[in-house]
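Let me begin by presenting the structure, written as structure tokens, before commenting on it.
The values are calculated or read from the model by the stated rules, or taken from the named source; none is laboratory data. All of these numbers come straight from a predicted model, not from anything done at the bench. Heads up, the Cβs are rebuilt from the backbone with ideal geometry, glycines too, and the neighbour counts pull from every protein chain shown. Ligands, DNA and RNA are stripped out before the accessible areas are found, and what is left, the full protein with its side chains, is counted by its heavy atoms. Shrake-Rupley method; radii C 1.70, N 1.55, O 1.52, S 1.80 Å.
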Amino acid sequence: MRTTLPRSAIAGLLALVGGATPGCAGPGAREPMIAPGAEDTPSPPLHAAQADFTLSFLGLNDLHGRLKALPGFAGYAANLRRTRAAEGGAVALVDAGDMFQGTLESNLTEGATVISAYRTLGITAAALGNHEFDFGPVGDTTEGDPQGAIKARIREATFPMLSANLVVRGTHESPGWEKLTRSAIVEVGGVHVGFVGLLTAETPSIVAAPLFVGLGVDPLAPALVQEARALRAAGAEVVVALAHAGADCKDFSNPEDISSCRPDAEIFDVARALPPGTVDAIFGGHSHAGVAHVVNGIPIAEAYAAGRAFSRIDLRISGATHHVQSQQVFPPHDLCPSLVADGGCPLSDYEGQATIEDPALLTAIMPALAMVESRRQEPVGCTLSKPFTGEHDAESPLGNLFADLIRDSVIGADAAILNGGSLRADLPAGPLSYGELYEAMPFDNTLAAVHLTGAELKRMLAAHLSHDEHGIVSVSGLRIVAACGKSGLEVSVYRTNGRAIGDSETLLIATSNYLATGGDNLFPALKLGADRVQVNTGRSFRDALAKALKQHPRLSPSAPLFDPTHPRMKLSSPRPLTCSQ
């Protein structure tokens, strides 16, 4: 069951924000078009101006439904548009995927409120991300088209929605959804700019299997090369990739220096595989990290997640030929560099101009925020002494808390396993509200249980700890020790009383339907029969957390819940644990 408003309320919300009215028809894969809102000023005649000028591209990624960030982003964009217009250039606003999933105001309309806000904002083009598939069929049902909700959002968009490597499983053909296109050519400042969308290669393993049925993802680099060549042949003078695939860098002082970046970055591998001149810029996403670097001569930008910041790439264009003369990639710019006492977020000056939140966008999103405010403020019935923080790659108080609560929610469960990628926001100190719980666990998963032997559990954990493709699992009812031994990585599992779990012992593991049905590739290698997997389609994972929290009026993120000196998972080194034999 999804957490939803009544259908009448949802219909009213959609009407208020304009989300129920489909926009104009989208572009064909090769046909040049003007995206509404691509710029604020009329475009000069193509090739008429001789003076060089600048095209600025501002990017969002992994917004995850944080509508509150958009008026500030619009304010910064308006400043830059004024500057560019005075110089004869223009600005394009782009999104690299994962727009919808994450907040009540977005999820309760399956992303329609974000599409409405993006129409007002004037987004030029957007790529699909893996979380765009999370809502499944349209409405609060498990029946119907498993991609119904995402198709509805694509139809409503008045800007190109792109994915060059989303294909029908077993083929290299696009799925043929109405208005979804591999790429599009948009006129920006008189320049024909081609945009290509890309999905991360791990999409099939991180989208719940029932929601991605019939679909596949082609390798990113070949798809991008093919599409960029087609765009150039169709008249694109500049090509920009919007890739829901990212990197993770810490130092932005020198764009050419990637020593502070993770070496296995997916988008860097894509860039290295491209022939010279394939694309002029790449906007990334998915990794929720900062990037402002140049790889293989290509500027690549990414701006964290949840509307915290935006990215920017400038291309200097020849007025005579419309060729790219030079490029500049900027560090992510924080939308909220400092908080004031009342929790407000004063916007800093940008390009020498004072920045204010865009009033039109504030007006557009207010109905969505107001409609869910009472549900957001509803008390859960639990007070936290300190913040419960979550971590993607390490044991955390939030992960342990949720794992404990889920184990308590499944009758007879010996243990619980929760995927790290499901922890989306910290829980603040003080009385907990439903909105805060929702943003920490925004996914519409249900409870599930899996029967495993001790040997299967150890094998699964060894495989999980040997790579770091997904967030580290949180566990309850278990103590795990993993270290290199004579036979390679050796995993021992104990109950909380210290008793070792034998290989032939059977345990009932509480988890989510996402993991139980193949998510994060955690269970599939065990080849479990249907009789060993129990999915409770009527019991919401998040609502189970809320009910369990009521049994704990006061909670602290300290021992025994979380004790760094006695971790539930004692690892000889951070993931991935690699052992030579």
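Here are the numbers for this structure:
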| item | result |
| --- | --- |
| Complete set of residues in segment 206-224 that are of a type in the set (A, V, I, L, M, F, W, C) and surrounded by fewer than 18 Cβ atoms within 10 Å (Cβ to Cβ) | Ala209, Val213 |
| Scan of segment 515-530 for residues that are without any contact (Cβ under 8 Å) to a residue 12 or more places away in the chain and at negative phi, ordered by number | Pro524, Gly529, Ala530 |
| Scope segment 479-537; condition part of a loop (DSSP other than H, G, I, E, B) and open to solvent by 60 Å² or more (accessible area, probe 1.4 Å); matching residues | Lys486, Ser487, Thr496, Asn497, Arg499, Asp503, Ser504, Lys527 |
| Filter pass, Arg542 being outside any loop (DSSP other than H, G, I, E, B) and either within 22 Å of Gly390 (Cβ to Cβ) or modelled with pLDDT under 95 (or both) | yes |
| Single condition Thr565 does not satisfy, out of (1) open to solvent by 40 Å² or more (accessible area, probe 1.4 Å); (2) closer than 19 Å to Leu418 by Cβ; (3) part of a loop (DSSP other than H, G, I, E, B) | (2) |
| Of the criteria (1) closer than 26 Å to His288 by Cα; (2) among the β-branched types (Val, Ile, Thr); (3) without any contact (Cβ under 8 Å) to a residue 40 or more places away in the chain, which one Ile411 fails | (1) |
| Some residue of segment 279-286 being open to solvent by less than 60 Å² (accessible area, probe 1.4 Å), over 30 Å from Asp52 (Cα atoms) and under 17 Å from the mean Cα position of the chain (by Cα) | yes |
| Total residues in segment 181-200, condition closer than 26 Å to Pro137 by Cβ and under 19 Å from the mean Cα position of the chain (by Cα) | 4 |
| Candidates Glu105, Glu87, filtered to the one that is within 30 Å of Arg316 (Cβ to Cβ), acidic (Asp, Glu) and either out of contact with any Pro (no Cβ under 7 Å at 6 or more places or on another chain) or modelled with pLDDT under 95 (or both) | Glu87 |
| Counted residues, segment 121-161 - those being of a type in the set (S, T, N, Q) and either touching a Gly at 6+ places or on another chain (Cβ under 6 Å) or at pLDDT 95 or above (or both) | 4 |
| Among (1) open to solvent by 60 Å² or more (accessible area, probe 1.4 Å); (2) in contact with a helix residue (DSSP H, G or I) (Cβ under 8 Å, 6 or more places away or on another chain); (3) among the hydroxyl-bearing types (Ser, Thr, Tyr) - the single one Thr355 does not satisfy | (1) |
| Boolean, Val380 is crowded, with 18+ Cβ neighbours inside 10 Å, in a strand (DSSP E or B) and hydrophobic (A, V, I, L, M, F, W, C) | yes |
| Subset of segment 318-339 that is among the hydroxyl-bearing types (Ser, Thr, Tyr) and open to solvent by 50 Å² or more (accessible area, probe 1.4 Å) - its residue that is farthest from Glu357 (Cα to Cα) | Thr321 |
| Breaking point among (1) open to solvent by 50 Å² or more (accessible area, probe 1.4 Å); (2) farther than 19 Å from Thr511 by Cα, for Ala463 | (2) |
| Among the candidates Ala403, Ala364, residue that is small (Gly, Ala, Ser), in a helix (DSSP H, G or I), over 21 Å from Leu555 (Cβ atoms) and in contact with a Leu (Cβ under 9 Å, 6 or more places away or on another chain) | Ala364 |
| Candidates Leu405, Leu423, Leu452, Leu398, filtered to the one that is open to solvent by less than 10 Å² (accessible area, probe 1.4 Å), in contact with a helix residue (DSSP H, G or I) (Cβ under 9 Å, 6 or more places away or on another chain) and under 17 Å from Ala306 (Cβ atoms) | Leu398 |
| Residue under evaluation Asp563, criteria (1) in contact (Cβ under 8 Å) with a residue 12 or more places away in the chain; (2) under 29 Å from Thr389 (Cβ atoms); (3) among the acidic types (Asp, Glu), criterion not met | (1) |
